[in-house]
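Working notes, beginning with the structure itself.
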Ligand SMILES: NC(=[NH2+])NCCC[C@H](N)C(=O)O
């Protein structure tokens, strides 16, 4: 069998992708917890699911194999022993310690379910009203009597880009920044360890979830088999990037990391909300992250001859891309056409967050029509998907997809390989 993980570019023809169809977790949102849950509004589940099915079908119609995180996880938890260990860990990470009698009650509650139901339930969260015969703890009585959950919902799981990321033939299993998302990366960890298609495949884990330093997949871009672009952002720290450089250099094909420092805020929490690669020499970029003269802080990490990581500061995005991707021209396509209103509006609705499914071919949200028209003018083939409800979670097609296998691309050697589509 060929390796189940193979991602050496952002744009190589997408073969296998992992998604999560949003479920009841979106209905377990209430205004009081929205902010903490990193979501800006409550999506209407029925329509969100229809939109998500449309997204999946758009990919399948292009011959892409769509896997669902929830199915892979359930298939990994067939053995009762594995299931028990998984639930133990999840409860522990949800703040319900083993010595707490509630731990045993919840364990029994979840173990009684079929794995598929159990997986959906833990993502949806567990309400206090679902569990009978609980002896209330002091906290239940005195502090959070009105708090409705024992297990918080995980409304961001449908952003499967972030919990983990495929780099080459390996993965990073991410230590995520905010508590609201930290448990999510336990899912892929469990899949890699237990799923029959993954467990004996010697898949390198470049960085695991229990180590120091925060990183999320929205910041991890594989530009080609040597070069990564990684955001230094609200979600990814310099420590994690340095650590990843040490793990990759000399142990993989990768020898260059372009660490790009972006503003630390919710509208642009990851690099892929302001910058994505869509062709050999074409990129979307939110114009507001660049200074008037087109500058942004970039730190180039490469191995030196003593096996250490050397850092070269740079600040010209176009020049850096030309230099490290060996190209003579770069086409940066501004979100919202760089209009003072359309650009921030469409960036907010993930207009920069394109999912490349082949060189010069992308999936985007239909609502970002200014950006989409401009992409077409630049010769990109655009597949639009519906976005009224999904976009309320603050993520677009790239955020909602975790590529596991892409075809390799030809290597650019100082010439442009660009294939333009006629409009
Ligand atoms: N790759 C991405 N840009 N993901 C977007 C994630 C959005 C999600 N609400 C969060 O704040 O975590």
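Note the angle between two axes, namely the Cα long axis of helix 115-124 and the longest principal axis of the Cα atoms of the chain, as a number of degrees from 0 to 90, rounded to the nearest 10.
Once rounded, one gets 80 degrees.
With both bridge residues required to lie in the chain, what share of the DSSP beta bridges run antiparallel, to the nearest 5%? Present the calculation step by step, with values, prior to reporting the outcome.
Details: 31 of 53 bridges.
Here the antiparallel bridges make up roughly 60 percent for the chain.
Taking the number of other C-beta atoms within 10 Å as the exposure measure, put 286, 326, 378, 266 in order starting with the fewest. Present the calculation step by step, with values, prior to reporting the outcome.
Numbers: 286 26, 326 15, 378 19, 266 12.
Lowest to highest Cβ neighbour count: 266, 326, 378, 286.
So, in nm, how far is label residue 108 from label residue 251 when the simple model puts each one 7 Å beyond its Cα toward the Cβ?
Output for this residue pair reads 4.4 nm.
Over region 164-406, what is the relative contact order in percent, taking alpha-carbon pairs closer than 8 angstrom and at least six residues apart?
15
Roughly how many whole Å is it from the C-alpha centroid of region 1-75 to that of region 312-339?
Answer, in whole Å: 30.
Dividing the Cα convex hull volume of region 164-406 by residue count, how many Å³ per residue is that?
Values: hull volume 30.6 nm³, N = 243.
Convex hull of Cα atoms, per residue: 126 Å³.
Taking just the C-alpha trace of region 107-234, give me its Rg and Dmax in Å.
Spelled out, the Cα radius of gyration and Dmax of region 107-234 are 17.9, 57 Å.
Using the scaling law 2.2 N^0.38 Å as the reference, what is the normalised Cα Rg of the chain?
0.98
So what is the 222 nm mean residue ellipticity for the chain from helices alone, if each DSSP H run of at least 4 adds -39500 (n - 2.57) and you divide by all residues, rounding to the nearest 500 deg cm²/dmol? If you can, show how the numbers build up before the last one.
Values: 13 runs with 119 residues, N = 423.
Helices in the chain give a 222 nm mean residue ellipticity of -8000 deg cm²/dmol.
Test of understanding: in a Gaussian network model of the chain with alpha carbons linked when under 10 Å, which of 324, 369, 109 would top the mean-square fluctuation ranking?
109
Over the chain, with a Gaussian network built from C-alpha contacts below 10 Å, which listed residue (180, 342, 79) shows the highest mean-square fluctuation?
Of the options given, 79 has the highest mean-square fluctuation.
Relative contact order for the chain using alpha-carbon pairs under 8 Å, separation at least 6, rounded to a whole percent? The partial results should precede the final answer.
Values: 902 pairs, mean separation 91.9, N = 423.
Once normalised by length, the contact order is 22 percent.
Set the Förster radius R0 to 25 Å, insert the Cβ-Cβ distance between residue 60 and residue 93 as r into 1/(1 + (r/R0)^6), and round the FRET efficiency to 0.05. Before the final figure, lay out the partial values.
Values: r = 33 Å, r/R0 = 1.34.
So the FRET efficiency works out to roughly 0.15.
Given springs between every Cα pair under 10 Å in a Gaussian network model of the chain, which of 360, 351, 125 has the largest fluctuation?
Among 360, 351, 125, the largest GNM mean-square fluctuation belongs to 125.
Separation between the residue 326 and residue 32 pseudo-spin-labels, each 7 Å from Cα along Cα→Cβ, expressed in nm?
Calculated label separation equals 5.9 nm.
Fewest to most neighbouring Cβ within 10 Å: what's the order for 178, 55?
Working: 178 15, 55 25.
Ranking 178, 55 by Cβ neighbours within 10 Å, fewest first, gives 178, 55.
Cα axis of helix 80-93 to longest principal axis of the chain: angle in degrees, 0 to 90, nearest 10?
80
State the extension gain, in nm to one decimal, for the chain segment bounded by residue 140 and residue 68, taking 0.36 nm per residue of separation less the distance between their alpha-carbons. Each step should come with its number before you reach the end.
Working: separation 72, 0.36 × 72 = 25.92 nm, distance 3.56 nm.
Fully extending the segment from residue 140 to residue 68 adds 22.4 nm.
Could you state the angle between the C-alpha long axis of helix 238-248 and the longest principal axis of the C-alpha atoms of the chain, as a value from 0 to 90 degrees rounded to the nearest 10?
Helix 238-248 sits at roughly 80 degrees to that axis.
Please report the antiparallel percentage of DSSP beta bridges with both residues in region 164-406, rounded to the nearest 5.
About 60 percent, rounded to the nearest 5.
What order do you get for 401-408, 95-102 when each peptide is scored by the mean count of other beta carbon atoms within 10 Å, highest first?
Numbers: 401-408: 21.4, 95-102: 13.1.
Peptide ranking by packing, descending: 401-408, 95-102.
Which residues does the label zone of residue 178 cover in region 14-47, counting backbone N under 12 Å from a point 7 Å along Cα→Cβ?
Residues 33-41 fall inside that zone.
Rounded to the nearest whole Å³, what is the per residue volume of the convex hull around the Cα atoms of region 40-192? The partial results should precede the final answer.
Numbers: hull volume 22.9 nm³, N = 153.
Output value, Cα hull per residue: 149 Å³.
Kindly list the residues of region 36-75 that lie in the label zone of residue 117, defined by a backbone N under 20 Å from the point 7 Å along the Cα-to-C-beta vector.
From region 36-75, the list is 70-75.
With 17 Å as the cut-off, how large is the P(r) tail for region 178-316, expressed as percent of Cα-Cα pairs?
On the way: 6160 of 9591 pairs.
Distances greater than 17 Å cover 64 percent of the Cα pairs.
Read the figures in this text as sums done on the coordinates, not as results from a lab. What you are looking at is a predicted structure, and each value in this text was computed from that prediction instead of being measured. Here Cβ is always computed from backbone atoms with ideal geometry, including for glycine, and neighbour counts include all displayed protein chains.
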